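Quick notes on the structure that follows.
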Amino acid sequence: MFATLKTLITGANARAEEQLRETYSIELITQKIREAEGNLKAAKLTLASLIQRQRAEQRQIETLQIRVGDLMARAGEALEGGREDLAQTAAQAVAEMENELTVRRQTLDRLEARILQLRQSVETASRRITDLKQGAIAARATRREQDIQRRLRRHTGGDSPAEEAEALISQVLQRDDPFEQGEILREIDGELAGSTIADDLADAGFGPRSRSTAADVLNRLKVKD
């Protein structure tokens, strides 16, 4: 039982989430693009930092190479001048600088590899964001079209404002004309009034009655007998 309830709740939550995502899909697209742009900006800053370190390492290597060349020249002159002690000191310094050069060249190689990889990622992300923005424009246009279609369906479907207006117009057109009804009532009153006067005159012996009574019918039967 609990497993069934858990499954039902999970399904209801999934449907609610899907409906929410559908309702706010444009807002979600905009937010995701904004987040992607933030990530791209951070990647660009990292790339700029790596390039800066690369250039600094390159400058250090170039400086060391100049110093090594200078010391090698001076050590040669010291040997020629019989100062082997100075030549030995210079050679030791050159060895240390060459070791440093080796480390710096390795660092430079790693930086260049990271820069190449990150530059490719940045370019790919930039193209993808451009495509996403174009897709967002198309999505907004589609959403506007869908909204228009929904409004049109409401106006043309059942219980729409258009149908309600048509029903009200039909009701007004079918309603009895109060002026004409008043005229008819006056005609009826006139007819009733005229009949009453005629009957009164007939009762006084002036002309026949306009309406038969039970007494008239009995009199006609007696005459026949």
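The values are calculated or read from the model by the stated rules, or taken from the named source; none is laboratory data. These figures come from a predicted structure and were not determined experimentally. All Cβ positions, glycine included, derive from the backbone under ideal geometry; neighbour counts span all protein chains shown. For accessibility, only protein heavy atoms count, side chains too; no ligands or nucleic acids. Shrake-Rupley method; radii C 1.70, N 1.55, O 1.52, S 1.80 Å.
All but one of (1) among the hydrophobic types (A, V, I, L, M, F, W, C); (2) within 30 Å of residue 49 (Cβ to Cβ); (3) more than 32 Å from the chain's Cα centre (by Cα) hold for residue 73; state the number of the condition that does not hold.
All conditions pass for residue 73, except number (2).
How many residues does the range 25-36 contain that are open to solvent by 70 Å² or more (accessible area, probe 1.4 Å) and more than 13 Å from residue 136 (Cα to Cα)?
Number satisfying all stated conditions: 1.
Out of curiosity, is residue 50 touching a residue at least 60 places away in the same chain (Cβ under 8 Å) and either under 60 Å from the mean Cα position of the chain (by Cα) or at negative phi (or both)?
Taking the combined requirement at face value, the residue satisfies it.
Taking the range 45-65 as the region of interest, how many residues are closer than 18 Å to residue 118 by Cα and open to solvent by 40 Å² or more (accessible area, probe 1.4 Å)? Break it down into steps so the answer makes sense when it comes.
Of all residues in the range 45-65, those closer than 18 Å to residue 118 by Cα come to 45-55.
Okay, now just the ones that are also open to solvent by 40 Å² or more (accessible area, probe 1.4 Å), so 45-46, 48-49, 52-55.
Adding up the residues that qualify gives 8.
Kindly indicate which of 111, 71, 86, 116 is hydrophobic (A, V, I, L, M, F, W, C), in a helix (DSSP H, G or I), open to solvent by 80 Å² or more (accessible area, probe 1.4 Å) and touching a helix residue (DSSP H, G or I) at 6+ places or on another chain (Cβ under 7 Å). Outline the logic, then answer.
Working: 111 fails: open to solvent by 80 Å² or more (accessible area, probe 1.4 Å); 71 fails: open to solvent by 80 Å² or more (accessible area, probe 1.4 Å); 116 fails: touching a helix residue (DSSP H, G or I) at 6+ places or on another chain (Cβ under 7 Å).
Being hydrophobic (A, V, I, L, M, F, W, C), in a helix (DSSP H, G or I), open to solvent by 80 Å² or more (accessible area, probe 1.4 Å) and touching a helix residue (DSSP H, G or I) at 6+ places or on another chain (Cβ under 7 Å) holds for just one of 111, 71, 86, 116, which is 86.
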